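Trainee: Here you go, one structure.
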Amino acid sequence: MDDIFWKSIADYNTATWPLQILFIAVAAVLTLILWFRPRTWAKIAIKVYMVAVSLWIAFVYYMKYAAARDYSEVIAIFWCMVAAAWIYDLLTHFASFQKPDRCSPWRISFLFLPLLYPVISLARGLEFPMITTPMLPSAVALYMLGMLLVFSRRINLFVFIFIVHWSVIAISKIVFFDIPEDILLAAACLPAIYVFFSMMVEEDRTEYKPSRTAVKALVLAVAVLIGTCMVVEYV
C-alpha cells in the first residue's frame, strides 16, 4: 500500500507539474492582489479558484492518478463537497475576504506553509517526482485554512469543518504512509479551531452561561486535548 501511495504521487507530479506551477502562481497573484489592492473581482476570483482547485484534487488527483488507492472514489466525493461549500460561499458572499486592519505574523505565516511541503520532502532525502508538493490535498487544505485565517472576518464553517476533517485523515497518513509533511496541516488546525470558534462566540450576541471567557477557555482546552491526542497518535 505504501508503494502504491507514493507511486500515485510520483505519477501525478510527473504528468502535471506545469499545471501545478500554474495553480500555485494563480494563487500567489490573487493572494497578493487581495492584500495590496483588494477588489470585488479578486474576492470572486479567489472563490472560483477554490472551487477549481477542489475539483482538480477530486477528479485529476484522486480519480485519475490515485485511482488504484483504496477509497479514492469516496475521497473524490469529499473534495467535491469542499467545492460545493465554496460554490455556496460564492453565491451567498458569506466569507468576506477583506484585507484585515491588523493581522498577526503567525496568521500570515499560514499562507506560506504549503510551500514547505516540497522543502521537507527534499530535506528528508526524497527526490522529484516522489515528493510532496503544494498541489497535494493536504497542502491545498492548508492554503484554504490560511486564507480563511488572514482574510475572512466571517468564516465559512462548512469549509472549515471539511478542513478539520481532512486534518484528521492526514494524521493517519503520517503514520501509515510515512508522510511527516502532513504534520503541518494537523498542527495548523489547532490554533485555527480556537481562533474561529472564539470569533463565533464574540459575534454571537446571546448571553452566555457560562460566560464568553469560560466558553473560549473550553474551546482552548478542546484544542489542546486534540493536539495531545495527535502527539500520542504520532509517537
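Trainee: Please grab the % of Cα pairs in region 1-108 that end up more than 19 Å from each other.
Mentor: Working: 3207 of 5778 pairs.
In whole percent, the share of Cα-Cα pairs in region 1-108 beyond 19 Å is 56.
Trainee: For a test of the definition: using alpha carbon positions, the gyration tensor, and the 1.5 limit on a/c, classify region 36-162 as rounded, prolate or oblate.
Mentor: Since a/c reaches 1.5 but b/c is at least a/b, the shape of region 36-162 is classed as oblate.
Computed from the coordinates by the stated procedures, all read-outs in this text should not be read as laboratory data. From a predicted model like this one, the values you see are computed outputs, not experimental measurements.
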